[in-house]
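Okay, structure first, notes after.
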Amino acid sequence: MRRYEGSHEGKPVRRGKFLETLGGARFPTPPIWLMRQAGRYLPEYRAVRATTRSFLDFCYTPDKAVEVTLQPIRRFGLDAAIIFSDILVVPDALGQKVWFEEGEGPKLEPLTDPVQFGQLSRARLPERLAPVYDAIRLTRETLPAETALLGFAGAPFTLACYMIEGGSSRDFAKVKGWAYGHPESFALLIDLLVEAVVDHLTCQIEAGADAVQLFDSWAGVLPEEQLFSWSLEPLVRIAHAVRARHPRTPILAFPRAVGPAALMYRRPDAFAALSLDTGIGAHWAARELQPHICVQGNLDPIMLVTGGVAMEREATRILDKLGHGPFVFNLGHGVVPQTPPDHVAHLVDIVHNWKPSVS
Ligand code: CP3
């Protein structure tokens, strides 16, 4: 059952500021949530995290995933929660070996040739990722009706980066070499990932996710023509397939570091909102993107570490440019571990107390 309209004692309640904004409503101040709002900067997260060694096992333990999803909501009263999981659960569910090494980030047994990825299969994905869907179901039952719950997935190109590089990379030479030199086989991998991501997002929506975000964190390493083929086109295919089944569920896209090529992603037929990284100017976004599509972003996560007057000035500048809507306040990338939690509380205050200047 869809949970768009919550109910309270039999009376329908509003869908909440975040979903209403994605649907085109305007409020005096915009909704706010933060990428990576659950994480190591919170002492209560570190306490729960310490109870499980393996990061993937942690993601696959619904009680713990629910608890850390709710922590930033309790502390800061944000307008949306994002389910605690990771983009790399998809390669894991496809049968690739994935693990996380303390202080080193993700590691994968890298794909080296097309024959090898022929062994990956999406047949068991819904079953293997059942703990994620259980966590979504439990979180939705616990969250206040006006707080939206976001599901998410990595975009095919970003997943392919990790799957071929075997982890994070400095130059992306392996994944690019494969995409440029063997486009036919790269297309087969992207097709598999499109289907897997459609399955994963559909299951998350059916478990209770109110909206979903696609993270294309490494889109910005591609030149324009490849950006179209390997980032935009697969994202649009995913969005169309998910919308065919769940036309009322908003889909947000985060094509990170693509610069002015963000114009290509201005596709209201596919996306309800575009999440902008810090490199995109708020003034430019207000002129070129916002008249066509809701935008989300884009405070520098390091401003959140700095805090104080510098953060206040920068957040207000963004609000003055984009706050008239349609707009969702967020960061340009995820919260970093050294962020003082008090600075997050201060940021939420700034956004809630912003006074639009009459223009
Ligand atoms: O609060 C939330 O945003 C929800 C949870 C979430 C995580 N990862 C938890 C996590 C989300 C949405 C992600 C997405 C993700 N994961 C992305 C896309 C967004 C981006 O940052 O560009 C990417 C590229 C990954 C892959 C990944 N997972 C990396 C590179 C790392 C290591 C870096 C690091 O911060 O350690 C992870 C691990 C990870 N995923 C952690 C968390 C909280 C830290 C590990 C830990 O707590 O032990």
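Values quoted throughout were computed directly from the atomic coordinates according to the rules given, and no laboratory measurement underlies them. In this text the structure is predicted, and so the values were computed from the model without any measurement. For neighbour counting, all protein chains shown are included, and Cβ atoms are generated from backbone atoms with ideal geometry for every residue, glycine included.
List of remarks:
- Distance-filtered residues of segment 248-281 - backbone nitrogen under 17 Å, label point 7 angstrom along E288 Cα→Cβ: 254-268, 274-281
- Debye-sum result for the chain in log10 I(q)/I(0), which assumes one identical scatterer on each alpha carbon, at q = 0.09, 0.15 Å⁻¹: -0.47, -1.42
- Potential extension, S229-Q338 segment - 0.36 nm per residue separation minus Cα distance: 35.6 nm
- Cα→Cβ-extended label distance, 7 Å offset, between T142 and V305, nm: 3.0 nm
- Based on C-alpha pairs under 8 angstrom that are at least 6 apart in sequence, segment 73-178 has a relative contact order of 38 percent.
- Close amide H contacts of Q296 (hydrogens built in the peptide plane, cut-off under 5 Å, sequence separation of 5 or more or a different chain): L274, S275, L276, V328.
- Cα centroid separation - segment 120-152 against segment 314-332, whole Å: 29 Å
- Based on C-alpha pairs under 8 angstrom that are at least 6 apart in sequence, segment 14-110 has a relative contact order of 23 percent.
- Estimated dipole of the chain in Debye, rounded to 20 [Cβ of Lys and Arg +1, of Asp and Glu -1, Cα centre]: 740 debye
- Given their separation in residues at 0.36 nm each and the Cα-Cα distance between them, D171 and R53 gain 39.5 nm when the chain is fully extended.
- Comparing A257, A310, A282 in a Gaussian network model of the chain (Cα springs below 10 Å), the most mobile by mean-square fluctuation is A310.
- Remark: relative contact order (the chain) = 20 percent; criterion is Cα-Cα distance under 8 angstrom and separation of 6 or more residues.
- Within the chain, helix-based [θ] at 222 nm, where runs of 4 or more DSSP H residues each add -39,500 (n - 2.57), nearest 500: -13000 deg cm²/dmol
- Across segment 321-337, rounded Karplus estimates of 3J(HN,Hα) from the backbone phi angles (6.51 cos²θ - 1.76 cosθ + 1.60, θ = phi - 60°) give 7, 10, x, 6, x, x, 8, 10, 6, 7, 9, x, 7, x, 4, 8, x Hz, Gly and Pro being marked x.
- Per-selection Rg to Rh, segment 273-313 - Cα, Kirkwood hydrodynamic radius: 1.05
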